[in-house]
1. Among the candidates Ala368, Ala377, Ala391, Ala404, single out the residue that is among the aliphatic types (A, V, I, L, M), in contact (Cβ under 8 Å) with a residue 12 or more places away in the chain and within 14 Å of Glu462 (Cα to Cα).
2. Looking at the stretch 74-90, is at least one residue in contact (Cβ under 8 Å) with a residue 24 or more places away in the chain, in a loop (DSSP other than H, G, I, E, B), crowded, with 16+ Cβ neighbours inside 10 Å and in contact with a Cys (Cβ under 8 Å, 6 or more places away or on another chain)?
3. When you scan the stretch 437-450, do you find a residue that is among the charged types (D, E, K, R) and farther than 23 Å from Thr300 by Cα, even just one?
4. Within the stretch 163-180, identify whether any single residue is closer than 22 Å to His295 by Cα, in contact with a Leu (Cβ under 6 Å, 6 or more places away or on another chain) and surrounded by fewer than 22 Cβ atoms within 10 Å (Cβ to Cβ), and answer yes or no.
5. Those residues that are in contact (Cβ under 8 Å) with a residue 40 or more places away in the chain and in a helix (DSSP H, G or I), I need them from the stretch 447-468; list them, please.
6. Filter the stretch 469-514 for residues that are under 15 Å from Thr429 (Cα atoms), among the acidic types (Asp, Glu) and not in a helix (DSSP H, G or I) and give the result.
7. What residue, of Lys115, Lys107, is of a type in the set (Lys, Arg), within 16 Å of the ligand (Cβ to nearest atom) and closer than 23 Å to Gly379 by Cβ?
8. Can you pull out the residues in the stretch 250-271 that are touching a Cys at 6+ places or on another chain (Cβ under 9 Å) and over 26 Å from Ala384 (Cα atoms)?
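The values are calculated or read from the model by the stated rules, or taken from the named source; none is laboratory data. All of these numbers come straight from a predicted model, not from anything done at the bench. No Cβ is skipped: glycine too gets one built from the backbone with ideal geometry, and neighbour counts run over all protein chains shown.
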Amino acid sequence: MNAPNASGWKPAMGDGSGEAAPTSSGDAALMLEEKLIFELAGCDTTGVDFDEQPGEIDPALGRFARKQRAQLPGLSEPETVRHYTRLSRQNYAIDLGPFPLGSCTMKHNPRLNEKVARMPGFADVHPLQPVDTVRGAFEVMNELAHWLIELTGMHGVAMSPKAGAHGELCGILCIRAALEAQGDAREVILVPESAHGTNPATAAFAGYKVEAIPATKEGRVDLAKLKERLGPDVAGVMITNPNTCGLFERDMKAISDAVHAAGGYVYCDGANFNAIVGKVRPGDLGVDAMHINLHKTFSTPHGGGGPGSGPVVLSEALSPYGPLPFTARMEDGTVHLVEEESLKEFDHAKSFGRMAAFHGQMGMFTRALTYILSHGADGLRQVAEDCVLNANYVLRRLEDTLDAPYGASGPCMHEALFSDDGLAEGFSTLDIAKGLIDEGFHPMTVYFPLVVHGAMLVEPTETESKDGLDRLIESIRHVAQRAKDGDEALHGAPYYAPRRRLDETQAARKPVLAWQGEPGVPRIPTPSEVGDR
Ligand SMILES: *Cc1c(COP(=O)(O)O)cnc(C)c1O
């Protein structure tokens, strides 16, 4: 790796400020400057030969008939392949190096998962196929459902939610349906300060008022404050365990008991199940609903490589309210897809409805079940042990360089949390994140959780080796030291990436998602042309 050292720092890219001469193409060695596909090709060209189109328009199209040509760029097949391959090379991937994003559990997706998911019987099924032709797919869904229930000690599971946040909505809708069935219109959901942003967003989306529960000095939910706030208006709590400070909520059972005694339900954000799988069953802690991110704990790909999948395990109290459809084994041994509220065999009249048109993410189910069966009970327990070991290694090797606000709270779980305390005046967490890009690493999660100033959350996962972790740790130490020493050059990082510092706020608030220019003509729209969108 050509990591620059602090003393001899020289930007080497073709921006004219370093030793390297700018190139005529804008490309730097094999890192190519790639235009948008609309800039590469006009609409008058095409990569394929079409027959002459008939003049008259098919009357069946009615008012949907196109009045002008589709403005689509036309490239040949090799040009198209190169365009997308070049773009893919500007991306970072778990197959290139570690992805220490805290809270995201970016772990290696074993190739065995891919091999099984690509078997035609799984890869080529269509949701509208006749039921008799997809019995094997139902078996996979039912068996995965079985193991998710077994691993969590819960009663039922809704398989159709498409991601963690979608699963949260599913769980909260179950809670609402259960309360409405009791004629109990409660209005408030309590969410700890350190919660993932999706938790309050979900509760608000489902129509609840959200109130924050403070954290203790050691980074856990304040049980006494929670108990004080419980009452007849509280529908439930949403608690992440292990929490987003990387700590196990030791009072979870006491929290559940108190919430239940007050007539509410307990939603657990199970995104961090990786740290406790095979060790702790959330059902034993009194949880009523919990989503599982198959794309985190059970290694199916996520981020740009998704789609994800967020099954929700449910307690006995909430299971009757879960969404349709679901799979169930019939007396004759076959697996049936229950799609209606009232079948003779399965009365599911209390179901709140559906989360999605179909049954969930088949490819993710296949990968997750492959992962579970190939690891076995002992292997899954070792996942939890190794990811916690790795995170503690990171925590203890970095706490002399970076401030670890909860380092004294004991061992962490699956992720190590640091703050920006101790950096030189004018230097921030952002500088460390950008510096890490030049070091060849994807940055850790930054500025989350909000309870810690300038947070840096590192989740190594169990799939990194000690050597790999040592390289990451050395780079973080190096960049953190530069930020502590006040090395001005760090403000310019990243120097080696295709783009330097972007206006990330603008990009998030005013994304330009549609091509604004003339096909075939390079043109970047000005902000005023783009306007508020
Ligand atoms: C990832 C995550 C979520 C959201 O899951 P998605 O699958 O991204 O929707 C919710 N809570 C926590 C703690 C997470 O880490």
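1. Values: Ala368 fails: within 14 Å of Glu462 (Cα to Cα); Ala377 fails: within 14 Å of Glu462 (Cα to Cα); Ala404 fails: within 14 Å of Glu462 (Cα to Cα).
Selected residue: Ala391, the only one of Ala368, Ala377, Ala391, Ala404 that is among the aliphatic types (A, V, I, L, M), in contact (Cβ under 8 Å) with a residue 12 or more places away in the chain and within 14 Å of Glu462 (Cα to Cα).
2. As a first pass, look at the stretch 74-90 and keep what is in contact (Cβ under 8 Å) with a residue 24 or more places away in the chain: 74-77, 79-80, 83, 86-87, 89-90.
Restricting the remaining residues to those that are in a loop (DSSP other than H, G, I, E, B) gives 74-76, 90.
With crowded, with 16+ Cβ neighbours inside 10 Å added as a condition, the list becomes 74-75.
Those left that are additionally in contact with a Cys (Cβ under 8 Å, 6 or more places away or on another chain): 74.
Yes, the conditions are met somewhere in the stretch 74-90.
3. In the first step, residues of the stretch 437-450 are kept if they are among the charged types (D, E, K, R); the result is 438-439.
Filter once more, keeping what is farther than 23 Å from Thr300 by Cα: 438-439.
Scanning the stretch 437-450 turns up at least one residue that is among the charged types (D, E, K, R) and farther than 23 Å from Thr300 by Cα.
4. Taking the stretch 163-180 first, the residues closer than 22 Å to His295 by Cα are 163-172.
Narrowing the set further to residues that are in contact with a Leu (Cβ under 6 Å, 6 or more places away or on another chain) leaves none.
No, there is no match, as no residue in the stretch 163-180 is closer than 22 Å to His295 by Cα, in contact with a Leu (Cβ under 6 Å, 6 or more places away or on another chain) and surrounded by fewer than 22 Cβ atoms within 10 Å (Cβ to Cβ).
5. The initial filter retains those residues of the stretch 447-468 that are in contact (Cβ under 8 Å) with a residue 40 or more places away in the chain, namely 448-452, 456-464, 466, 468.
The answer is Lys466, Gly468.
6. Selection gives Asp487 alone.
7. Details: Lys115 fails: within 16 Å of the ligand (Cβ to nearest atom).
Just a single option satisfies the conditions, and that option is Lys107.
8. Listed by number, the list holds a single entry, Tyr265.
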